[in-house]
1. Applying the selection to region A:8-36, what residues are more than 12 Å from chain B (Cβ to nearest Cβ), over 12 Å from the mean Cα position of the chain (by Cα) and among the β-branched types (Val, Ile, Thr)?
2. Looking at this structure, is residue A:64 within 14 Å of chain B (Cβ to nearest Cβ), surrounded by 16 or more Cβ atoms within 10 Å (Cβ to Cβ) and closer than 17 Å to residue A:12 by Cβ?
3. Under 7 Å between Cβ atoms, which residue pairs at least 6 apart in sequence (or on different chains) link something in region A:109-130 that is within 10 Å of chain B (Cβ to nearest Cβ) with a partner that is loosely packed, with under 13 Cβ neighbours inside 10 Å?
4. Which one of B:25, B:53, B:78, B:73 is over 15 Å from the mean Cα position of the chain (by Cα) and surrounded by fewer than 21 Cβ atoms within 10 Å (Cβ to Cβ)?
5. Could you grab me the full set of residues in region B:81-94 that are at the interface with another protein chain (Cβ under 9 Å from one of its Cβ atoms), in contact with a Gly (Cβ under 9 Å, 6 or more places away or on another chain) and not small (Gly, Ala, Ser)?
6. Does region B:110-141 hold any residues that are of a type in the set (D, E, K, R) and under 21 Å from residue B:29 (Cβ atoms), and which are they?
7. So residue A:19 ticks every box in (1) touching a Phe, Trp or Tyr at 6+ places or on another chain (Cβ under 7 Å); (2) modelled with pLDDT under 95 but one. Which box is left unticked?
8. All but one of (1) under 24 Å from residue A:32 (Cα atoms); (2) part of a loop (DSSP other than H, G, I, E, B) hold for residue B:4; state the number of the condition that does not hold.
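The values are calculated or read from the model by the stated rules, or taken from the named source; none is laboratory data. These numbers come from a predicted model, not from an experiment. Heads up, the Cβs are rebuilt from the backbone with ideal geometry, glycines too, and the neighbour counts pull from every protein chain shown.
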Amino acid sequence: MTTPAADTLESMNTYVSDIVGKAVTGTFDTMFGREVAHTGKPTGQASRDGQISSHVSLTQGAALNVDFSFHFDAGLLHRIAEETYPEQARKIPMQMICEDMACAIANVVGSRVKAFLNGRGYDLSMDIPAVGEIDAARDAAKQEHSSLSFRCVPEGQDNAVRVNIHLQEKRA
Amino acid sequence: MTAFSVSDLKALVVDDHMIVRCDIERHIKSLGITHIDQAANVAEATSKMGGMEYNVVFLDWNMPGRSGYNMLEQCRGEAKYDNTAFVIVSAESEDRYIIEALKAGATSYIVKPVSENILREHVTRVVAWINERMQETRQTA
């Protein structure tokens, strides 16, 4: 495919990462009044234990996929849920509330990236965010990956949020 | 006849995400709206609207099953919802969605995530819209 604005996957990855960084911090601030700071790439070995994950994909036909996997520290989401949704936290299983939060964040961040890319001439559509990890098994001709890490500022907790971005371009 | 005010509003919040429904409810409650119901999808919303005359519906665009846009189109085809304000609340920020929603009869459009300040602005707009509609109705009566 020919990418608009003479983008390469590498350059696209750079500005998508920038948008994701801003969107995650902005979403935590607006939705939960919580400060998280983009700290670059994740440090150390990521563990799936104690994490809540969600994912969302942008697609342009069969030509381009932009997949996002979000991994949140479960303790962080629990604390936010208890502070922000105390009534629901008493009535609804905590896991369910946290998964809803994870998908709501994926929805906002994915939509933000879609709007930006479509503004550059793409024609991407977005699926409905889902819980869990994305199936990363792809047969792409060309791929780019990046990972972003966020620190929860009040707790000083590194890797409280991680976002994996996976871009895949299929040539005709 | 006295003007319609924020505290007179009966609101329905429709979103598949529980936390978004709770965020909207919390914010509009602090603005003075006391009657607030929630629905997690279009089917639930339609059922609630059958039993209650809401003045304003906060409606998500993308939901599993029927979309909020689809519900908006259907409601705008029914005279009984002529004086009901529909506020689309969506993560979609592209102009084409906003234009499409307004063409389909949305009263206003909010891009997620929502904040109290943004909701205040749109609730004020909704109250003005309802008052205009009531005035038009009185003049044509």
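1. Of everything in region A:8-36, those that are more than 12 Å from chain B (Cβ to nearest Cβ), over 12 Å from the mean Cα position of the chain (by Cα) and among the β-branched types (Val, Ile, Thr) turn out to be A:8, A:14, A:36.
2. It is false that residue A:64 is within 14 Å of chain B (Cβ to nearest Cβ), surrounded by 16 or more Cβ atoms within 10 Å (Cβ to Cβ) and closer than 17 Å to residue A:12 by Cβ.
3. Between residues of region A:109-130 that are within 10 Å of chain B (Cβ to nearest Cβ) and residues that are loosely packed, with under 13 Cβ neighbours inside 10 Å, the close pairs are A:128/B:64.
4. Checking each option against the conditions leaves just B:78.
5. Correct list: B:94 only.
6. B:112, B:116, B:120, B:121, B:125
7. (2)
8. (1)
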